[in-house]
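The values are calculated or read from the model by the stated rules, or taken from the named source; none is laboratory data. Keep in mind that what you see is a predicted model, and the values were worked out from it rather than measured. Here Cβ is always computed from backbone atoms with ideal geometry, including for glycine, and neighbour counts include all displayed protein chains. The accessibility values were calculated without ligands, DNA or RNA, using every heavy atom of the protein model including side chains. Shrake-Rupley method; radii C 1.70, N 1.55, O 1.52, S 1.80 Å.
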Amino acid sequence: MIALEDNFADVLGKAQRGLGLSDTQLAEKARVSSQKVKSLREGEFDELALLRVAGVLKLAARTLCELATGEWRPEKVEIDGLAQISTHYHDMLVNAYLVWSPSSKEAIAFDTGADCQPMLDLIEKNKLTVKMILLTHAHPDHIADLDRLKKKTGVPVYISSREPTEGATPIEEGTDFRVRKLDVTSRLTWGHSRGGMTFVVEGLKHRIAVVGDSLFAGSMGGGSISYEEALRNNLEKILTLPDDTILCPGHGPMTTVGEEKLHNPFFAGQV
């Protein structure tokens, strides 16, 4: 099982940047030193300081401590008809996904990752027929091998109209797709990227939500476009799904809505 994308220091940094607080401002509000803020962000665990800083950053302190001490990670997710493909993009791992109907073997590809060859190998191994490619967003690590995947599969590609991409058809929020027994609905969960899409898939044993970089296990993508909208969209459009919904993030391990409602510092206790 792949490692969590973010540690507690990463979470602190994303929240601090999202709220636009300098080290000095955060230190004053939390009643700690600026050096202590810096050391926390560098990964030095100090429980009292972390509790004070968490309150200012509107983060759940208990779950931050879980991350800091390694007490939590999501349960391993396994379900027939779902595969996570992780490839290296420079110094990070990026995820792409295949979802298919076990009976018909008809599949949907979500993103490409850095290299689509492992996905192509899996398609061949399982004798799948890909019907479309859905892109969660247009950041380079997620669509790096789009041209090759499109050429090899010969299927249409769709992406949010907010992030026009060569070779992909633009879609709006609420666009529905159907591949045999799989029903897919698109939800605009922007904030990390301008056109971030979450694709909710029904038709397997559990509902699946391919969330891209909107949400990670125990964290979320940085709200570089709008931190406020990233938080709101995650709360309203992802974490309101049933607890057993499997979440497929762009980085890190798969998780579930129920796990994130309990253990994600950005959202624990809010839903």
- prompt: When only Cα pairs under 8 Å and 6 or more residues apart are kept, what is the percent relative contact order across the chain?
  reply: 18 percent
- request: Report the net charge of residues surrounding Pro156, where surrounding means a beta-carbon distance below 9 angstrom and charges are Lys +1, Arg +1, Asp -1, Glu -1.
  value: +2
task: Determine the per residue accessible area of the chain with all protein chains present and a 1.4 angstrom probe, expressed in square angstrom.
output: 44 Å²
query: Working from the pairwise distances between different alpha carbons, so that the mean of 1/r is found and then inverted, what is region 142-204's Kirkwood radius in Å?
result: 12.7 Å
message: Normalised by the empirical 2.2 N^0.38 Å for globular proteins, what value does the Cα Rg of region 61-124 take?
response: 1.46
message: Let's test the formula: R0 of 22 Å, r as the Cβ-Cβ distance of Glu44 and Met1. What FRET efficiency results, to the nearest 0.05?
response: 0.25
- prompt: So what's the angle, to the nearest 10 degrees on a 0 to 90 scale, between helix 8-19 and the longest Cα principal axis of the chain?
  reply: 90 degrees
statement: HN-Hα couplings for region 27-34 via Karplus (6.51, -1.76, 1.60; θ = phi - 60°), in whole Hz with x for Gly/Pro, come out as 4, 5, 5, 8, 6, 10, 7, 4
task: Show that you can apply the helix-only estimate: for the chain, add -39,500 (n - 2.57) for every DSSP H stretch of four or more residues, divide by all residues, and state [θ] at 222 nm to the nearest 500.
output: -8000 deg cm²/dmol
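Within the accessible area of the chain, what % is carbon and sulfur when the probe is 1.4 Å and the other protein chains stay in place?
47 percent
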query: Where both partners of a DSSP beta bridge lie in the chain, what percent of those bridges are antiparallel, to the nearest 5?
result: 65 percent
statement: Options [x] 18.7, 56; [y] 18.8, 60; [z] 16.9, 49 for Rg and Dmax of the Cα atoms in Å; the value derived from the coordinates is listed as [y]
field: Computed magnitude of the charge dipole of region 140-271 (debye, nearest 20; Cβ of K, R +1, Cβ of D, E -1)
entry: 460 debye
query: Bin by bin, in steps of 10 Å, what percent of the Cα pairs in region 1-48 do you find, going until the bin that has the longest distance?
result: 26, 55, 15, 4
task: At a Cα cut-off below 26 Å, give the lysines reachable from Lys127, other chains included and same-chain residues fewer than 8 away excluded.
output: Lys76, Lys105, Lys150, Lys151, Lys152, Lys181, Lys205
statement: Quick P(r) readout (region 121-271; Cα-Cα; 5 Å bins; whole %) gives 2, 10, 19, 22, 21, 15, 8, 3, 1, 0
statement: For the chain, the dipole about the Cα centre with charges only on Cβ (Lys and Arg +1, Asp and Glu -1), to the nearest 20 debye, works out at 360 debye
- prompt: So for the chain, taking the charge dipole from beta-carbon charges (+1 Lys/Arg, -1 Asp/Glu), which of Val99, His251, Thr185 sits furthest toward the positive end?
  reply: Thr185
field: Cα extents of region 1-112 along the three principal axes, largest first (Å)
entry: 60, 26, 22
